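Read the figures in this text as sums done on the coordinates, not as results from a lab. What you see is a predicted model; the values in this text were computed from it and never measured. Note that each Cβ is placed from the backbone with ideal geometry, even for glycine, and that neighbours are counted across all protein chains shown.
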Amino acid sequence: MLEEAGALARSMGARYVELRQEQGFAGLPTKDLYVCFRQQLHANHDANMQEIPGKRRRSIRLGARRGLTENFGHMDLVSAFYDVYTINMRHLGSPAVPRRFFQALLEEYDRQCFILGMFEEGRMVAGALCFYYRDSLMPYFESSLPDARTGANDLLYWSLMCHATERGVRTFDFGRSKRDSGSYHFKRHWGIEPTPLAYQYLLIAQREMPNLSPTNPKFSLAIRAWRKTPLPITRWLGPKLSPYFP
């Protein structure tokens, strides 16, 4: 497989091949920047709630007291989710992918893919585009409004856990996070231990592993500028730029 990947990369003029997996290949340059979080689910909600640390349980109850309501959907929630997603991506300093990308995912994966939105006064304040895979449920794309996160994210994840349990799913996959990032600590606070992920490289036309992380200082100016760019401009320009970003 590695030989074929290298040959394909050379034929395409690629500078390197990035391999992402839990168990890496021996002898390849490796980064340990990312981890993943997985929670094994019990067959009932009470047992799952008891696995969650007290601070997270209080935040879930806070979200419920705020009057947040959940709405499961498909194509009907794409526009509302995309609005939240583009606001969040601007806040992070990164261009957003086009709306049609999410529409294509929902169309292709159909019943194995859905959107859950948390709504407050008729407006989505947090949402996730999720996938079923074997016995797992993964909220792969998750976004929330920067000024509406109190309890919203925790209630969102708890609602997804309940949904997974009712479907008989046994693993809740919180997805990957960079070590020591905000999302990393958010997931750790759910009482879940991280599992290291191996990011490995076949170096074709360069000697060092690429550093395309937002934590790379050379990207800091662009990130700050994007955060200050008016939202209508980032919504228009982001989808045009995102194909050029890994």
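On C-alpha positions alone, give me the angle between the axis of helix 54-65 and the longest principal axis of the chain, in degrees, nearest 10.
Between the helix axis and the principal axis of the chain, the angle is about 60 degrees.
With 10 angstrom as the radius, rank Val125, Val169 by how many other C-beta atoms surround their C-beta, starting from the fewest.
In order of increasing Cβ crowding within 10 Å: Val169, Val125.
Quick one: grab the alpha carbon gyration tensor of segment 110-246, order the square roots of its eigenvalues as a ≥ b ≥ c, and give me rounded if a/c is under 1.5, else prolate or oblate depending on whether a/b is larger than b/c.
oblate
Taking 23 Å as the cut-off for C-alpha to C-alpha distance, list the pairs among Lys31/Lys55; Lys55/Lys228; Lys187/Lys218; Lys178/Lys218 that go past it.
Table pairs above 23 Å Cα-Cα are Lys31/Lys55; Lys55/Lys228; Lys187/Lys218.
Starting from the Cα gyration tensor of segment 1-101, multiply each eigenvalue by 5, take the square root, and state the resulting semi-axes largest first in whole Å.
Result for segment 1-101: semi-axes of 38, 24, 14 Å.
Got the relative contact order for segment 1-133 handy, in percent, Cα pairs under 8 Å and 6 or more residues apart?
20
Determine the shape class of segment 3-54: with a ≥ b ≥ c the square roots of the Cα gyration tensor eigenvalues, call it rounded for a/c under 1.5, and otherwise prolate if a/b is greater than b/c, oblate otherwise.
Cα axes put segment 3-54 in the prolate bin.
Rounded to whole Hz and in sequence order, give me ³J(HN,Hα) for segment 70-84 from the Karplus expression 6.51 cos²θ - 1.76 cosθ + 1.60, θ = phi - 60°, writing x for Gly and Pro.
Each residue of segment 70-84 in turn: 9, 9, 8, x, 9, 4, 5, 10, 4, 5, 5, 5, 5, 4, 5 Hz.
Show me, bin by bin at 5 Å from 0, the whole-percent P(r) of segment 79-154 based on Cα pairs.
3, 16, 26, 24, 18, 11, 2, 0
GNM on the chain, C-alpha springs below 10 Å: top fluctuator among Gly182, Gly168, Gly151?
Gly182
Amide H to amide H under 5 Å from Phe141: which residues, 5+ apart in sequence or cross-chain, H placed 1.01 Å off N in plane?
Distant-sequence amide H within range of Phe141: Leu129.
What number, in percent, do you get for the relative contact order of the chain if the mean sequence gap of Cα pairs under 8 Å and at least 6 apart is divided by its residue count?
Relative contact order of the chain: 36 percent.
Name the long-range amide H neighbours of Glu51: under 5 Å, sequence gap of 5 or more, or other chain; modelled H, no Pro or chain starts.
Here the answer is none, since no amide H 5 or more places off falls under 5 Å of that of Glu51.
Using semi-axes √(5λ) of the Cα gyration tensor in Å as the read-out, say which of (i) 39, 26, 20; (ii) 30, 23, 14; (iii) 31, 23, 18 was calculated from these coordinates.
Recomputing semi-axes √(5λ) of the Cα gyration tensor in Å here picks out (iii).
Mind giving me the FRET efficiency for Arg134 and Met12? R0 is 35 Å, r the Cβ-Cβ distance, nearest 0.05 is fine.
0.65
DSSP loop (so not H, G, I, E, B), at most 12 other Cβ within 10 Å: list which GluC sites (Glu not before Pro) in segment 1-57 pass both filters.
When the GluC sites (Glu not before Pro) of segment 1-57 are filtered for loop state and at most 12 Cβ neighbours within 10 Å, Glu22 remain.
With a ≥ b ≥ c the root eigenvalues of the C-alpha gyration tensor of segment 156-234, is it rounded (a/c under 1.5), prolate (a/b larger than b/c) or oblate?
oblate
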